[in-house]
Amino acid sequence: MKKIFASLFLLFLLSALLFSDDIYISPEQLPQNALSFIQKYFPNVSILYAEMDKKKYEVQLSNGVEIEFFRNGDFKEIDGNYVAIPFEILPEPVANTVRRTYPNTVITKIEKKWNIYEVKLNNMMELYIDANGQLLGQKFDD
């Protein structure tokens, strides 16, 4: 009887692993360019955990920042959770547009969608900027 329960339990665990969306991984299993990105823009910050699914990697840093990477290791989204995100992450034309539009703010979230950057600031404004630095729109996000 114990063998049946042990077999059923093992079968349950294996099926849960096969059908789960997210799998926790060690930080060393992240693509090299994702690790380089974290080391470059968030030096002296450790990775609390990393997880992977079929389409992306998600990383939680010790300072509260959450980063989502595409499977190739390029960043898709960074949520600072009210921690300032470095302007240097953005292409220079995009960063210059943010600085010109709201000079005394910090970036709290960046999302890359195709050729457009959605940038959220600490004044609750969201800016939509193309890769050439053209401001496409903005809205107050409360």
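The values are calculated or read from the model by the stated rules, or taken from the named source; none is laboratory data. Keep in mind that what you see is a predicted model, and the values were worked out from it rather than measured. With ideal geometry, Cβ positions are generated from the backbone for all residues, glycine too; neighbour counts draw on all protein chains shown.
The strands (runs of 3 or more DSSP E) found entirely in region 27-70 that carry 3 or more residues being in contact with a strand residue (DSSP E or B) (Cβ under 9 Å, 6 or more places away or on another chain), in contact (Cβ under 8 Å) with a residue 24 or more places away in the chain and not basic (Lys, Arg) are 47-52, 56-61. Which residues, taken from region 100-125, are loosely packed, with under 15 Cβ neighbours inside 10 Å and part of a strand (DSSP E or B)? Correct list: LYS113 only.
Candidates in region 105-122 are the residues that are at pLDDT below 95 and out of contact with any strand residue (DSSP E or B) (no Cβ under 6 Å at 6 or more places or on another chain); of these, the one that is nearest to ALA84 (Cα to Cα) is LYS113. Within region 116-134, if we keep just the residues that are touching a residue at least 12 places away in the same chain (Cβ under 8 Å) and acidic (Asp, Glu), the residue that is nearest to ILE78 (Cα to Cα) turns out to be GLU126.
Hey, does region 85-96 have a residue that's touching a Phe, Trp or Tyr at 6+ places or on another chain (Cβ under 8 Å), surrounded by 14 or more Cβ atoms within 10 Å (Cβ to Cβ), without any contact (Cβ under 8 Å) to a residue 40 or more places away in the chain and part of a loop (DSSP other than H, G, I, E, B)? Yes, because at least one residue in region 85-96 is touching a Phe, Trp or Tyr at 6+ places or on another chain (Cβ under 8 Å), surrounded by 14 or more Cβ atoms within 10 Å (Cβ to Cβ), without any contact (Cβ under 8 Å) to a residue 40 or more places away in the chain and part of a loop (DSSP other than H, G, I, E, B).
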